[in-house]
Amino acid sequence: MSAEAVEALLSDARAARRGGRPDEVLALLDRAWEQAQGLGEEHPLPVVVAWKRAKAVADFGDRASVASCLAPVLEREDLFDAYPHGIFGVGRLCRAHQDVLGYGDPTVRRLWERLAAHHRASGDLFLAALTDLELAWEAACRGDDVRGPLERVEALRPDALEGSRSWHPDAPDGPGSIPFLHVAAAHTLLRAAVWSGDADEVGPAAAELLQAQAETGVPPRPHVQHALLEARHHGLGGLDIPKSPQAQGFDEAFIAALERGAGFVALASEAPGPEWSLAALWCAVRIGEASAEHVVGEARRVGCLAFVQAATRSERTAR
């Protein structure tokens, strides 16, 4: 099959998207993928088609299939060079997969790794750090060690981001982004400790988060207040928790539930992702609103094995 025929199918798919015909978009891109297989291992079109299929599936199809669209081209050297828009869309595609299937898919993890390596190679260390934070977040949900990717973030110094072409939206420039990256790293570390039930790590992680937040000089975003309240709910007392003026939606609802100490089961059904549903249910277990067995079953189903670890530690403590 010729490259021209594949390009024609891609053009037809674009027209179908503009015309609001999603089923036709998916069918055309499936045909384009089948025909692109005959173009050879070095031809860029299979990579282009893989990205376009993944995006279409995320938009119109079964989001559980997003990762499988990209798996065949995952180790191609031109994964991002053949389709530069993939750099901007990979985060959304990975999260679309995680929101449906949860964590632990090696394709999603490898996509984050490839993206981080790409940003480092291109000299954008801020975006590389953001991607390392995604890897750390996935590790926190899986109950794996988060230190590897977090150490790369924490090792960044302001001069490394001097002249950076990207930076945190609340920072004036690249070097000014460092405190905000440290907040994100400390936040992930605290979530990992709370969700895995590692009582020895919760206190130091909370202290690190409070210190990092103070260094930003701005009010905390809702997830910071939320994480500290969650740590207190699970037994860490004595926290002076700063309030966020920006809380809304699910964050606002979770903060309210933590402040009144009830309503977590209902909250879990509104969660934007599996880790948040499990976080709410684990809070419910703490006050007897839900069973640890139910949380463990859900955690295994979506690969959020941190909560399995928490249940195991809780059971040992109760003996």
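The values are calculated or read from the model by the stated rules, or taken from the named source; none is laboratory data. Here the structure is a predicted model, which is why all the values come from computation and not from measurement. Ideal geometry is used to build each Cβ from the backbone, glycine not excepted, and the neighbour counts take in all protein chains shown. When the accessible area is computed, the model is the full protein with side chains, heavy atoms only, and any ligands, DNA or RNA have been set aside. Shrake-Rupley method; radii C 1.70, N 1.55, O 1.52, S 1.80 Å.
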Residues within the range 34-49 that are surrounded by fewer than 16 Cβ atoms within 10 Å (Cβ to Cβ) and small (Gly, Ala, Ser), tallied:
2
Residues of the range 272-287 satisfying the condition of being open to solvent by 20 Å² or more (accessible area, probe 1.4 Å) and either at pLDDT below 95 or not small (Gly, Ala, Ser) (or both):
Pro272, Trp276, Trp282, Val285, Arg286, Ile287
Any pair with Cβ under 9 angstrom, 6 or more apart, that starts in the range 1-14 at a residue that is without any contact (Cβ under 8 Å) to a residue 60 or more places away in the chain and part of a helix (DSSP H, G or I) and ends at one that is surrounded by 14 or more Cβ atoms within 10 Å (Cβ to Cβ) and acidic (Asp, Glu)
Asp12/Glu24; Ala13/Glu24
Helices (runs of 4 or more DSSP H) contained in the range 229-319 and holding at least 2 residues over 30 Å from Thr216 (Cα atoms) and free of Cβ contacts under 8 Å to residues at least 40 places away in the same chain:
264-268, 274-286, 292-302, 306-318
Answer yes or no: is there a residue in the range 206-213 that is farther than 16 Å from Ala140 by Cβ, under 18 Å from the mean Cα position of the chain (by Cα) and open to solvent by 10 Å² or more (accessible area, probe 1.4 Å).
no
Are any of the residues in the range 213-222 under 23 Å from Gly102 (Cα atoms) and outside any loop (DSSP other than H, G, I, E, B)?
yes
Keeping to the range 42-66, report how many residues are within 21 Å of the chain's Cα centre (by Cα) and either outside any helix (DSSP H, G or I) or farther than 24 Å from Gly20 by Cα (or both).
2
Checked against (1) open to solvent by 60 Å² or more (accessible area, probe 1.4 Å); (2) at pLDDT below 95, Glu24 satisfies every condition except (2)
Residues of the range 50-73 being open to solvent by less than 10 Å² (accessible area, probe 1.4 Å) and in contact with a Pro (Cβ under 8 Å, 6 or more places away or on another chain), in sequence order, are Ala50, Ala56, Val73
Test of understanding: among Ser269, Ser244, which residue is of a type in the set (S, T, N, Q) and open to solvent by less than 50 Å² (accessible area, probe 1.4 Å)?
Ser244
Taking interchain pairs and intrachain pairs at least six residues apart, which have beta carbon atoms under 6 angstrom, with the first residue in the range 51-77 and touching a residue at least 60 places away in the same chain (Cβ under 8 Å) and more than 13 Å from Ala13 (Cα to Cα) and the second surrounded by 20 or more Cβ atoms within 10 Å (Cβ to Cβ) and of a type outside the set (Asp, Glu)?
none
Could you count how many residues in the range 102-131 are closer than 27 Å to Arg300 by Cβ and among the acidic types (Asp, Glu)?
2
